[in-house]
Amino acid sequence: MTLTKQVFEYVPAPPEGDDPLHGELLTLNMGPQHPATHGVLRIVVTLDGERIVECDPVVGYLHRGKEKSAESLGWHKFFPHTDRLDYVQPLMNNVGYALALEQLAGIEAPPRAQVIRVLLMELSRIMGHLIYLGTQSIDLGAVTIFFYAFKEREKLYEIVDAYTGHRMNNTYVRIGGLYADVDEKVERLIEEFLVEFPKGLDDMDKLLTRNRIWNDRNRDIGVLSRADALAMSLTGPVLRGSGVEWDLRRAQPYCGYESYDFDVPTGASGDCYDRYLVRMEEMRQSCRIVRQALDRLKSTPGDVLVEDRRFVLPPKGLVHTSMEELIFQFKVVTDLRLPKGQSYRGIESSKGELGFFVASDGSSTPLRCHIRAPGLMNIQALPMLAKGRLFSDMVSLIGSMDFVMGEVDR
Amino acid sequence: MSDADANTPLAASAPRFAAALGALPHCISQSPDGPVIEVELANLHAVLRALRDGAGFELCSFVTCIDHYPTTPRFALHHQLLSLAHNDRVRVRCVLPGESAPTCTDLWPGANYMERECFDMFGVRFGGHPDLRRLLMPDGYDHHPLRKEFPHQGIEPDRLYRQWDRARRASWTDDAR
């Protein structure tokens with residue numbers, strides 16, 4: 001499905017005349033506290049007048065040593081830390097980590113848990129894309145969209161709050177399934193969201209897609225060719241914006257994505273505007289998947305946690321009444337031993353391929369838990385895209401590459 | 001089982017690997033997520049190039065290291081590659097005799113930050129890397145935190161700050177104080 005730009009005929013602004021400051025280089029530190037850098041990112045920009053000669057992103061201000069922490073915490077106790085990676089969509093990270101562990105352990109979540117996981121992942125994707133939309137637009141001066149996007153996002157928080165009891169940092173996914181089943185209230189909230197959200201999305205679409213300023217600030221900026229996108233290890237909406245139809249949900253399905261009906265949008269020229277169109281369409285496709293998952297939920301009864309006392313927590317009700325189950329619970333939390341080996345699992349997060357590479361030596365702590373952060377790759381492409389562009393384009397680029405520093409710095 | 005579909009069975013991709021790698025010495029095994037090619041350091045770069053050009057692995061997902069301390073040699077380098085055309089993955093594992101390896105940024109420019117991170121965290125030096133600086137830890141930091149002998153609670157976490165603070169205070173005049 002290739003998106004077409006059915007808007008008015010676009011005439012780019014004429015190039016500026018002779019710049020009296022040409023040739024005098026200025027080094028400017030953008031960040032680490034600049035609001036447009038979306039977190040503690042510093043970009044050292046060398047400017048020739050308004051033109052960017054080169055730029056060097058400096059990451060690591062939010063480095064908390066998550067991978068090192070994993071090596072002392074153990075497999076199960078690392079779940080809460082995955083929330084704090086890409087903190088705008090914690091449940092997605094939970095699922096990614098759980099899938100990597102399940103692959104190594106050779107177990108699989110029960111069908112109902114898989115449906116709920118799909119539901120949570122698609123709601124998380126909308127959460128992630130709304131953050132993109134809100135921050136990108138407020139950076140480019142469209143403050144209204146920021147409030148529109150966060151109003152919609154608040155409804156998602158309410159859904160997640162009703163389900164998990166927390167707005168952020170939910171930690172609701174477990175090895176072999178989920179902590180708890182969804183109830184009627186959550187289903188009702190999602191139903192309401194599915195009715196209201198497309199209207200809100202259409203409003204934002206109407207305000208932006210044909211907006212002259214939005215077009216000027218996004219079109220033909222940060223043009224990324226197919227070959228460059230692949231060479232720079234870019235994935236997700238950025239790669240699809242460059243016209244590559246690659247979606248892990250379609251190509252290497254997990255949690256039963258192969259049985260859902262959805263389209264994979266791709267852009268034509270790979271500029272910031274294409275990436276915007278791709279993300280807008282992905283939110284609509286996510287709504288389609290959520291609708292299907294919600295229908296499937298009614299026809300998929302059963303447990304949300306597989307029964308396997310080696311790797312999976314026993315049901316909470318039994319833990320309170322049975323000594324053995326209490327011991328199993330204790331063993332899983334403190335002394336979970338995964339089979340010796342190494343395994344990598346990538347999932348389609350809203351930023352790109354989020355992957356967990358886990359290596360076990362058979363003991364109760366990981367030998368290595370490497371997190372493949374899509375945001376780091378997106379930041380890496382910034383110097384290539386910004387070179388020779390105007391300084392104001394830097395803001396468009398940062399927003400359009402869509403990264404969250406919690407995940408980049410780990 | 002849906003997860004199994006994602007993993008191309010070894011039999012399907014083995015002829016492709018064999019054709020691409022030719023006479024290069026290697027050993028293919030199967031891990032829970034797909035094939036793993038084990039190579040020696042001398043052949044690492046040639047194998048990676050053959051996989052990119054001959055077997056269609058156009059995207060490098062990540063480059064990372066595992067520290068097998070106290071076993072020697074301690075470091076094993078892992079390159080995870082992805083082929084969009086064939087829809088499969090492969091991991092190249094290479095045990096490093098020392099603490100250096102050839103770069104693969106000439107094959108995949110995107111490996112730049114991954115190798116910088118690997119150098120930062122493990123102290124593995126990548127020969128031929130265009131810009132081998134620390135990525136996540138500050139410049140001037142003396143340790144490589146993901147090495148197994150590095151303590152979990154960290155080492156003198158505010159040394160750089162105290163150093164900077166002392167220099168700053170020394171430069172203050174009486175008026176400023």
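No lab work stands behind these numbers, since they all come straight from the coordinates. From a predicted model like this one, the values you see are computed outputs, not experimental measurements. Note that we place each Cβ from the backbone using ideal geometry, even for glycine, and neighbour counts take in every protein chain shown.
Relative to the globular-protein estimate of 2.2 N^0.38 Å, the Cα radius of gyration of the protein assembly as shown stands at 0.98. Considering chain A as a Gaussian network with a 10 Å cut-off on Cα pairs, which listed residue, A:Met121, A:Met323, A:Met283, attains the greatest mean-square fluctuation? Maximum among the listed residues: A:Met323. Simple spin-label estimate for B:His86 and A:His166 gives 4.2 nm between the two label positions (7 Å along the Cα-to-Cβ direction from each Cα).
With each label modelled as a point 7 angstrom along the Cα→C-beta vector, the B:Trp172-A:Ala251 pair spans 5.7 nm. For A:Lys340, the lysines whose Cα comes closer than 27 Å to its Cα, not counting residues fewer than 8 places off in the same chain, are A:Lys66, A:Lys68, A:Lys77, A:Lys331, B:Lys148. The modelled label-to-label distance for the pair A:Lys387/B:Glu38, using points 7 Å beyond Cα in the direction of Cβ, is 4.1 nm.
Can you tell me the FRET efficiency between B:Asp139 and A:Lys340 if r is taken as the Cβ-Cβ distance and R0 is 45 Å, rounded to the nearest 0.05?
Calculated transfer efficiency: 0.75.
Across A:Arg188, A:Arg217, A:Arg288, mean-square fluctuation computed from a Gaussian network of chain A (C-alpha pairs under 10 Å connected) peaks at A:Arg188.
Can you put A:Tyr273, B:Tyr113 in order of Cβ neighbours within 10 angstrom, beginning with the fewest?
B:Tyr113, A:Tyr273
Computed about its Cα centre, the charge dipole of chain A is approximately 880 debye, with only Lys, Arg, Asp and Glu carrying charge at their Cβ. Through the Karplus equation 6.51 cos²θ - 1.76 cosθ + 1.60, θ set to phi - 60°, convert the phi angles of the stretch A:130-147 into ³J(HN,Hα) values in whole Hz; use x for Gly and Pro. For the stretch A:130-147, the Karplus-derived couplings read 5, 4, 4, 4, x, 6, 4, 6, 5, 5, 9, x, 8, 5, 4, 4, 4, 6 Hz, x marking Gly and Pro. Of A:Ser364, B:Ser83, the sequence from fewest to most neighbouring Cβ atoms within 10 angstrom is A:Ser364, B:Ser83. By the rule of a C-alpha distance below 25 Å, with chain neighbours fewer than 8 residues away ignored, the lysines paired with A:Lys151 are A:Lys185, A:Lys199, A:Lys206, A:Lys351. In plain terms, the residue of A:Asp228, B:Asp139, B:Asp67 with the fewest other Cβ atoms within 10 Å comes first and the most crowded comes last, giving B:Asp139, A:Asp228, B:Asp67.
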